[in-house]
Amino acid sequence: MKITNTKFIDFNLASEDARIENFYIDFILSSLIAAPIATYFYIETDSILYLIAIFYSCRWLYYMIFEMICGRTPGKFETRSIVVDAKKQRPHFLRLAIRNWIRFYSVLSAVSDDEIALHDKLSKTFVIQDKSLKKINFKKIVFLLFLVTKALFWAAMLNFKNSTSILYISMLVVTLIAVVYTVNLLISKKKNNQ
């Protein structure tokens, strides 16, 4: 996604860096909420399809609740960006429902030349930057959650004999994403200090 603010001149679209930061924060937080719930239901049902359905449903609810109530997720609080419709108003429920289901399939939006992601295009929504919005620093919270998750992950791994279990794999994926986010934070902090 290449944000040039030339295609949608009336909107101050959130930058690529802001969108990436939104993704990292929201992916980690929503996964930390969804993974234990989905894992519980997996243990009860022993169904991988049920696990996947619960995991993505919980993440969808995370985005829906935050965007319906606040117009933005914790990642967007960090970057002072907000989801709006073409009239720069808070999108209605159906638009947000479409946006948040499609987001899980629009992974390739990041490499697109379009200024908005596929889930924004199909739901007719925009993520705009608004410096007048209150900023809440979620980086510290996410970093703390990363440390707690990492400690819990390794504590759980000491008790697992089967390293191919779904809990092991899901915790490993969440830990790896959190590590990538933490490294990205450190790199961006160094760039800003120079």
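The values are calculated or read from the model by the stated rules, or taken from the named source; none is laboratory data. All of these numbers come straight from a predicted model, not from anything done at the bench. Note that we place each Cβ from the backbone using ideal geometry, even for glycine, and neighbour counts take in every protein chain shown.
Worth pointing out:
- Qualifying residue in segment 70-81 (condition: in contact with a helix residue (DSSP H, G or I) (Cβ under 8 Å, 6 or more places away or on another chain), surrounded by fewer than 19 Cβ atoms within 10 Å (Cβ to Cβ), at pLDDT below 90 and under 24 Å from Lys131 (Cα atoms)): yes
- Qualifying residue in segment 21-41 (condition: modelled with pLDDT of 85 or more and touching a strand residue (DSSP E or B) at 6+ places or on another chain (Cβ under 9 Å)): yes
- Selection status of Ser57, part of a helix (DSSP H, G or I), modelled with pLDDT of 85 or more and under 26 Å from Thr175 (Cβ atoms): yes
- Single match in Tyr40, Tyr56 (criterion: of a type in the set (Ser, Thr, Tyr), over 12 Å from Ile128 (Cα atoms) and either in contact with a helix residue (DSSP H, G or I) (Cβ under 8 Å, 6 or more places away or on another chain) or touching a residue at least 24 places away in the same chain (Cβ under 8 Å) (or both)): Tyr56
- Of all residues in segment 103-144 being among the β-branched types (Val, Ile, Thr) and assigned to a helix (DSSP H, G or I), the one that is modelled with the lowest pLDDT: Val111
- Qualifying positions in segment 44-76 - in contact with a strand residue (DSSP E or B) (Cβ under 8 Å, 6 or more places away or on another chain) and at positive phi: Gly71
- Residue in segment 44-54 that is more than 23 Å from Asp10 (Cα to Cα), charged (D, E, K, R) and surrounded by fewer than 18 Cβ atoms within 10 Å (Cβ to Cβ) present: yes
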